[in-house]
Amino acid sequence: DRGDRGDRGDRGDRGDRGGSGSSGRSSSTVTYTVHVPDNLIPAILGRGGQIIKEMMEVSGATIKVSQKGDFVPGTTNRIISIIGDQNAASYAHQLVSARIPQF
(Lines give C-alpha, C1' and ligand atoms only; values in the text may rest on other atoms or scores of the structure.)
Protein backbone atom coordinates (compact mmCIF):
# COMPACT_ATOMS: atom_id res chain seq x y z
CA ASP A 1 0.00 0.00 0.00
CA ARG A 2 1.88 3.03 -1.24
CA GLY A 3 -0.96 5.38 -0.46
CA ASP A 4 -1.23 8.57 1.47
CA ARG A 5 -2.05 8.31 5.12
CA GLY A 6 -3.18 11.90 5.23
CA ASP A 7 -6.51 11.54 6.98
CA ARG A 8 -6.76 12.15 10.68
CA GLY A 9 -7.24 8.47 11.53
CA ASP A 10 -10.25 9.18 13.73
CA ARG A 11 -11.64 5.71 12.96
CA GLY A 12 -9.11 2.92 13.05
CA ASP A 13 -10.68 0.35 10.71
CA ARG A 14 -9.82 2.00 7.43
CA GLY A 15 -7.18 1.92 4.71
CA ASP A 16 -6.74 5.13 2.75
CA ARG A 17 -5.05 5.11 -0.64
CA GLY A 18 -3.80 8.10 -2.53
CA GLY A 19 -4.40 8.35 -6.22
CA SER A 20 -1.98 8.55 -9.08
CA GLY A 21 0.28 11.46 -8.36
CA SER A 22 1.57 12.87 -5.13
CA SER A 23 1.88 16.50 -6.10
CA GLY A 24 -0.80 17.61 -3.65
CA ARG A 25 -2.61 19.47 -6.39
CA SER A 26 -6.38 19.23 -6.24
CA SER A 27 -6.44 17.89 -9.81
CA SER A 28 -5.00 14.49 -8.81
CA THR A 29 -7.55 11.87 -7.90
CA VAL A 30 -7.48 10.23 -4.48
CA THR A 31 -9.53 7.44 -2.97
CA TYR A 32 -10.48 7.07 0.67
CA THR A 33 -11.73 3.66 1.77
CA VAL A 34 -13.86 3.53 4.91
CA HIS A 35 -15.03 0.32 6.60
CA VAL A 36 -18.42 0.76 8.26
CA PRO A 37 -20.59 -1.75 10.14
CA ASP A 38 -23.49 -2.90 7.98
CA ASN A 39 -26.09 -1.65 10.48
CA LEU A 40 -24.79 1.94 10.14
CA ILE A 41 -25.07 2.10 6.33
CA PRO A 42 -28.65 3.48 6.36
CA ALA A 43 -27.37 6.61 8.17
CA ILE A 44 -25.06 7.25 5.21
CA LEU A 45 -27.45 6.34 2.41
CA GLY A 46 -30.60 7.99 3.74
CA ARG A 47 -34.12 7.27 2.53
CA GLY A 48 -33.94 6.51 -1.17
CA GLY A 49 -30.26 7.40 -1.21
CA GLN A 50 -31.02 11.06 -0.52
CA ILE A 51 -28.24 11.67 2.03
CA ILE A 52 -25.46 10.11 -0.04
CA LYS A 53 -26.66 12.03 -3.12
CA GLU A 54 -26.52 15.30 -1.18
CA MET A 55 -23.03 14.52 0.14
CA MET A 56 -21.83 13.86 -3.42
CA GLU A 57 -23.41 17.08 -4.73
CA VAL A 58 -22.02 19.23 -1.93
CA SER A 59 -18.51 17.75 -1.98
CA GLY A 60 -18.06 17.06 -5.68
CA ALA A 61 -16.70 13.58 -4.89
CA THR A 62 -18.11 10.18 -5.81
CA ILE A 63 -19.16 8.01 -2.87
CA LYS A 64 -19.73 4.31 -3.47
CA VAL A 65 -21.02 1.77 -0.94
CA SER A 66 -20.41 -1.95 -1.38
CA GLN A 67 -23.45 -4.08 -2.15
CA LYS A 68 -25.48 -5.63 0.63
CA GLY A 69 -23.64 -8.78 1.68
CA ASP A 70 -20.31 -7.57 0.22
CA PHE A 71 -18.25 -7.25 3.40
CA VAL A 72 -14.65 -6.69 4.39
CA PRO A 73 -13.39 -10.29 4.73
CA GLY A 74 -14.02 -11.73 8.19
CA THR A 75 -16.33 -8.87 9.24
CA THR A 76 -19.81 -7.50 8.66
CA ASN A 77 -18.33 -4.14 7.66
CA ARG A 78 -19.30 -2.64 4.32
CA ILE A 79 -16.80 -0.76 2.18
CA ILE A 80 -17.33 2.90 1.33
CA SER A 81 -15.10 4.32 -1.39
CA ILE A 82 -14.76 8.09 -1.70
CA ILE A 83 -13.20 9.22 -4.98
CA GLY A 84 -12.36 12.71 -6.16
CA ASP A 85 -9.71 15.37 -6.20
CA GLN A 86 -7.99 15.93 -2.86
CA ASN A 87 -10.32 18.71 -1.69
CA ALA A 88 -13.55 17.02 -2.77
CA ALA A 89 -12.59 13.60 -1.40
CA SER A 90 -11.39 15.04 1.89
CA TYR A 91 -14.60 17.02 2.33
CA ALA A 92 -16.75 14.00 1.44
CA HIS A 93 -14.74 11.91 3.90
CA GLN A 94 -15.57 14.45 6.63
CA LEU A 95 -19.25 14.37 5.68
CA VAL A 96 -19.37 10.56 5.75
CA SER A 97 -17.48 10.39 9.05
CA ALA A 98 -19.91 12.85 10.62
CA ARG A 99 -22.80 10.49 9.81
CA ILE A 100 -21.15 7.52 11.55
CA PRO A 101 -21.61 7.35 15.31
CA GLN A 102 -18.54 6.20 17.23
CA PHE A 103 -18.29 2.42 17.09
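Values as computed for the structure displayed
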| item | result |
| --- | --- |
| Number of the condition not met by Pro73 [criteria: (1) of a type outside the set (Gly, Ala, Ser); (2) in contact with a helix residue (DSSP H, G or I) (Cβ under 9 Å, 6 or more places away or on another chain); (3) assigned to a loop (DSSP other than H, G, I, E, B)] | (2) |
| From Arg25, Arg2, Arg11, Arg17, residue being within 15 Å of Val72 (Cβ to Cβ), at pLDDT below 50, among the basic types (Lys, Arg) and open to solvent by 90 Å² or more (accessible area, probe 1.4 Å) | Arg17 |
| Cβ-Cβ under 7 Å pairs, at least 6 apart or on other chains, the stretch 30-52 side at positive phi, far side of a type outside the set (Gly, Ala, Ser) and in a helix (DSSP H, G or I) | Gly46/Ile52 |
| Filter result for Lys64 (without any contact (Cβ under 8 Å) to a residue 60 or more places away in the chain and within 9 Å of the chain's Cα centre (by Cα)) | yes |
| Selection within the stretch 37-77 - among the hydroxyl-bearing types (Ser, Thr, Tyr), closer than 26 Å to Asn87 by Cα and either open to solvent by less than 40 Å² (accessible area, probe 1.4 Å) or touching an Asp or Glu at 6+ places or on another chain (Cβ under 8 Å) (or both) | Ser59, Ser66 |
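The values are calculated or read from the model by the stated rules, or taken from the named source; none is laboratory data. Note that this is a predicted model, so its numbers are computed, not measured. Ideal geometry is used to build each Cβ from the backbone, glycine not excepted, and the neighbour counts take in all protein chains shown. The protein model used for the area step is the full one, side chains on, heavy atoms only, and it has no ligands, DNA or RNA in it. Shrake-Rupley method; radii C 1.70, N 1.55, O 1.52, S 1.80 Å.
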